[in-house]
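Heads up, the thing below is written out as structure tokens.
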């Protein structure tokens with residue numbers, strides 16, 4: 001089997017992907033600032049996951065890990081929704097992505113590596129808001145980047161890793177929608193208020209959410225590594241986007257039956273609470289996965305009901 005080097009391997013997608021790759025028999029190397037801390041996030045019974053160090057700020061990287069890798073999955077980047085978007089935080093979000101790509105590229109240039117593929121993360125933040133709701137023309141991979149913060153971040157992110165193709169390495173970029181996982185990310189934010197019997201709808205609730213189940217995005221990264229015919233950008237979203245009201249109330253029905261109260265959280269309250277980030281929370285973005293389906297990718301969880309059934313039983 002092959003050796004896969006993963007940056008950002010201790011994050012939400014990274015941990016699930018590492019376990020999937022290890023289960024398939026691959027050797028996995030997690031490239032991380034703190035190998036000892038990252039190691040604690042994994043089941044010690046999994047023997048084919050190892051850890052190597054890098055430091056993006058200092059420009060340090062374990063070049064032996066680069067030499068051992070057959071493929072690289074590049075997930076590194078500060079969490080977009082983890083903190084309020086101050087000027088300093090926005091700079092950190094961009095730099096963590098761009099500088100990590102530059103560090104990888106420089107390491108690849110100065111080593112006699114055998115890397116065949118780089119599968120890199122991006123996000124549907126690339127796209128602006130839907131021109132109309134509902135949008136009869138979902139965003140496709142060829143559409144230009146939005147000129148607001150997340151669109152510009154994604155543009156710089158993808159641009160920073162693009163030069164690997166000049167080294168003869170196949171590049172696949174996955175623009176992820178909202179990832180649903182029982183272990184973290186956005187899904188618990190929808191589920192947690194249900195403990196108190198409430199289901200808050202954001203704004204008018206008509207904004208479309210393009211999402212994907214954690215298992216499907218991990219399988220997408222696996223396909224990107226295994227299939228030589230995949231290259232370029234793909235929208236990593238499920239075939240059935242839903243609006244915020246439908247999403248919120250469907251989750252509530254799954255976990256509370258009829259025992260909940262839904263209400264609309266005013267836009268002004270969201271703006272006060274989240275600041276500039278509220279633009280993304282309230283934005284409607286209908287994104288197409290046609291390119292993936294045309295490439296033959298089969299979703300395990302194409303509908304919201306199928307994804308919620310899996311999450312409820314996980």
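Taken together, the values in this text are just the output of simple stated rules run on the coordinates, not laboratory data. None of the values given here were measured: they were computed from a predicted structure. Heads up, the Cβs are rebuilt from the backbone with ideal geometry, glycines too, and the neighbour counts pull from every protein chain shown.
The equivalent ellipsoid that matches the C-alpha gyration tensor of the range 162-211 spans semi-axes of 37, 14, 6 angstrom, in descending order.
Rounded to the nearest 0.05, the FRET efficiency derived from the C-beta distance between residue 290 and residue 36 at R0 = 45 Å is 0.55. Here the range 76-128 was treated as a single set of alpha-carbon atoms; its pair distances binned every 10 Å from 0 give 20, 43, 26, 11, 0 percent.
Shown for 54, 157, 211: other C-beta atoms within 10 Å of each C-beta, ranked fewest to most, produce the order 54, 211, 157.
Ordered by the number of other Cβ atoms lying within 10 Å of each residue's own Cβ, fewest first, 133, 13 fall into the sequence 133, 13. Semi-axes of the equivalent ellipsoid of the range 136-232 are 31, 18, 12 Å, computed as sqrt(5λ) over the eigenvalues of the C-alpha gyration tensor in descending order. The label-point distance for residue 87 and residue 300, in a model that sets each label 7 Å from Cα toward Cβ, rounds to 4.5 nm. Using equal-weight Cα scatterers in the Debye expression, the normalised intensity of the chain in log10 at q = 0.08, 0.10, 0.15 Å⁻¹ is -0.36, -0.56, -1.28. A helix-only calculation puts the chain at -11000 deg cm²/dmol for mean residue ellipticity at 222 nm, using -39500 (n - 2.57) for each DSSP H run of at least four residues, averaged over all residues. Across the range 186-282, the volume of the C-alpha convex hull divided among the residues equals 118 Å³ per residue. Cα convex hull, the range 269-308: 104 Å³ per residue, rounded to a whole number.
Of 263, 190, the sequence from fewest to most neighbouring Cβ atoms within 10 angstrom is 263, 190.
Distance from the alpha carbon centroid of the range 29-51 to that of the range 89-118 works out to 20 angstrom. Could you give the angle, 0 to 90 degrees to the nearest 10, between helix 214-226's Cα long axis and the longest principal axis of the Cα atoms of the chain? With rounding to tens, the tilt is 30 degrees. DSSP bridge analysis restricted to the chain gives an antiparallel fraction near 15%, rounded to the nearest 5. The ellipsoid equivalent to the alpha-carbon distribution of the range 247-314 has semi-axes of 28, 22, 9 angstrom, derived from the gyration tensor eigenvalues as √(5λ) and listed largest first.
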